[in-house]
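A short worksheet on the structure shown next.
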Amino acid sequence: MQKLAAWAVHAYTAIGSVLALGMVHFAYEGDEQTVLWLFLAAMFVDGTDGFMARHFRVKELVPEFDGALLDNIVDYLTYAFAPIVLLWANGYLPDGLWGGTVASLPLLASCYQFCRSDAKTDDHFFLGFPSYWNVVAFYVVVVGMSVGVTTVLLLVFTVLVFVPVKYLYPSRTEDLWYLNMSFSAAWLAVFGVIVAQLPDPSMVLIVVSMAYPVYYVAVSLWLTAKTAHRTRRLNSSERPADEATTH
């Protein structure tokens, strides 16, 4: 029974691939609101399957199945591939070859990030911009950003994938865990309200919702600096006494 429950958790994670299929389908149908609802559903699954996997001891009970690989596949589809399809299929990117190039760069950068062994650090951070292209696409759609602004955003965040800043892993980062999770849950709720208001969402509510991404980036930069300082201090304290006094 316990093993069956463990397999059920993997099936729950795999639902994300079906959600991604719906995202792509409705993106080409021009139904942006439905795509954003599917974004919300995928984020809920992604935010809860880890808790379930640890609770049901999935790694211990089903060692022959790589749940981390499944999670990466599903996350790539729902956080990177489908959001970029949404933007390209609905006129938020340039026409022609240039548009295809702009759409391709985030996907290639995300391929690199999802496959790097240190993408999730030992102290539970994401290293480099964590491919939240669904969040980027959400704001592009609800704000109605121009092609030029959207292009710049995609190019900037593509570069940030390779910049070694440690970003919050809300459900795992120990620092400020309760605050991080509270803000994440509140943001998801506001996300749902904004999507429900489409095609004419409240700009005030959109601006209020941006407080969380600002908080997320600010705390990530602070914790990156904090952990770097802690590492330097530990390395310094571990140096032999004669080496430390050489200069």
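Multiply the residue separation of HIS25 and ALA225 by 0.36 nm, subtract the distance between their alpha-carbon atoms, and state the gained length in nm to one decimal.
On the way: separation 200, 0.36 × 200 = 72.00 nm, distance 4.19 nm.
Result: 67.8 nm gained on full extension.
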| remark: Excluding residues fewer than 8 positions from LYS59 in its own chain, the lysines with Cα under 30 Å of it are LYS3, LYS120, LYS166
| query | Going highest first, how would you order 178-189, 65-76, 13-24, 132-143 by mean Cβ packing within 10 Å? | reply | 132-143, 13-24, 65-76, 178-189
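Assigning unit charges at the beta carbon (Lys, Arg +1; Asp, Glu -1) and nothing else, what dipole magnitude in debye, to the nearest 20, does the chain show about its Cα centre? The partial results should precede the final answer.
Details: 13 positive and 20 negative charges, 106 e Å.
The dipole of the chain has a size of about 500 debye.
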| query | If you take the square roots of the eigenvalues of the alpha-carbon gyration tensor of region 106-205 and sort them as a ≥ b ≥ c, do you get rounded (a/c under 1.5), prolate (a/b over b/c) or oblate? | reply | oblate
| query | Between ASP123 and LEU108, what is the spin-label point distance in nm, taking each point 7 Å from the Cα along the Cα→C-beta axis? | reply | 3.3
| said: Using only the alpha-carbon atoms, what does the chain span along each of its principal axes? Please give whole angstrom values in decreasing order. | reply: 69, 52, 36
| Angle between the Cα long axis of helix 2-28 and the longest principal axis of the chain, 0 to 90 degrees, nearest 10? | 50
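Laboratory data are not the source of any read-out in this text; all were calculated from the coordinates shown. Being a predicted model, the structure only gives us computed values, none of them experimental. Cβ atoms come from the backbone with ideal geometry, glycine included; neighbour counts cover every protein chain shown.
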